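Read-outs: derived from the displayed coordinates by stated rules, not from any lab. Everything numeric in this text was worked out from a predicted model, so none of it was measured. So basically every Cβ, Gly included, is an ideal-geometry build from the backbone, and we count neighbours across all protein chains shown.
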Amino acid sequence: MLDQRAFLRIREGGFAFLLAADQAVSIERRNRGAFEPVGDGLALLAAWQPADDGRIPVLRLSLLLGTPAADWEYAIMLSDDSRRLALAAEHVYLIPEHEKPAIQSFNPAGSTLPGGAVITGLCPQTEPEYLVLDMPRLQRCLRRAAAAVGL
Amino acid sequence: MPGIPAVIVPTGIVTLVVPSAAVAEIVSNPPDVKPLPAVEPWVLGYFRWRNYPVTLVSFERLAADREMAQFNRVCVFYPLPGREPFDYFALGMNGEPRSLEIPDSAGAVSIPPEVSNRFVAGAVAVDDRTLVIPDFDALKSAFYPDR
């Protein structure tokens, strides 16, 4: 289990995102061959842990956010009571709590996501400015998107 | 008799007129606009203004589904009613802004066909010019759906 007070810096589609690690279980780095594509931006990831009996649905962050997709390399495993889900991105880096950048609230207008934007802030002192993602809302979007394709 | 203080905000399709009280500032130099993910095509991105991140909207794309002309200014608006105090937004402008008072005698005219009625509250004729009044409630619904 990741330090629940830590943060994740995610790079995806030319953007940098900051995500609280409070619902993330682990970060897995896999080569592209470990991802079995099952749709546009969706994949199954096998063998997370030996005890797992099934494959893990992985959702590309770019699918939700409409950003250009590059190579899949990292997966963030998310805790979920009913089943496991993962979020894939080009790069993920764990930021310890004491290195957390300052966050400024920001509600961008015109979100295309159901339920509104998952962006709730940004980090004005980073370059580029990290966009802060709302983890619970992001997880709901992930579940909805995965369910829509039968995962 | 004094009229209603207003600001003319030219866009690439129509000339908007908005209450002066809604305008925080007209920014002359086009700001450094950064892209945003997961937003409608009429959101051009955000820029920094007085240390706030401000969403920049193209009225041309929003109300007419037309490509935005090169903007030479942006009009920064105060947050819409009920929104957070930091929810400033801006419209790209294509022309010179101007302050004026809308006289009480200004007559309502037809909304120009170039824009969608959905985002327009009405239009008035001032000095033989048609000025379009945006519908801020409709803008709020479009900007912050489900929120």
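General remarks:
- Legend: mean number of C-beta atoms from other chains within 10 angstrom of residue C-beta atoms, peptide B:75-85, equals 1.
- Restricting the trypsin sites (Lys or Arg not before Pro) of region B:28-91 to loop positions (DSSP other than H, G, I, E, B) with no more than 12 neighbouring Cβ atoms within 10 Å leaves B:50.
- Peptide B:42-48 is shielded by partner chain Cβ atoms: per residue, an average of 3 of them sit within 10 Å of its Cβ.
- Going from the fewest other Cβ atoms within 10 Å to the most, the residues B:8, A:95 appear in the order A:95, B:8.
- Sites matching chymotrypsin sites (Phe, Trp or Tyr not before Pro) across region B:83-147 that sit in DSSP coil, with at most 11 neighbouring C-beta atoms within 10 Å: none
- Computed magnitude of the charge dipole of chain B (debye, nearest 20; Cβ of K, R +1, Cβ of D, E -1): 360
- Whole-Å semi-axes of the ellipsoid equivalent to region B:1-124 (Cα gyration tensor, √5λ, descending): 24, 18, 13
- Taking a sphere under 11 Å around the Cβ of residue B:3 and counting the other residues whose Cβ falls inside, with K and R at +1 and D and E at -1, yields a net charge of -2.
- The residue among B:26, B:5, B:53 whose Cα reaches farthest toward the positive pole of the charge dipole of region B:4-143, with charges on the beta-carbon of Lys, Arg, Asp and Glu, is B:53.
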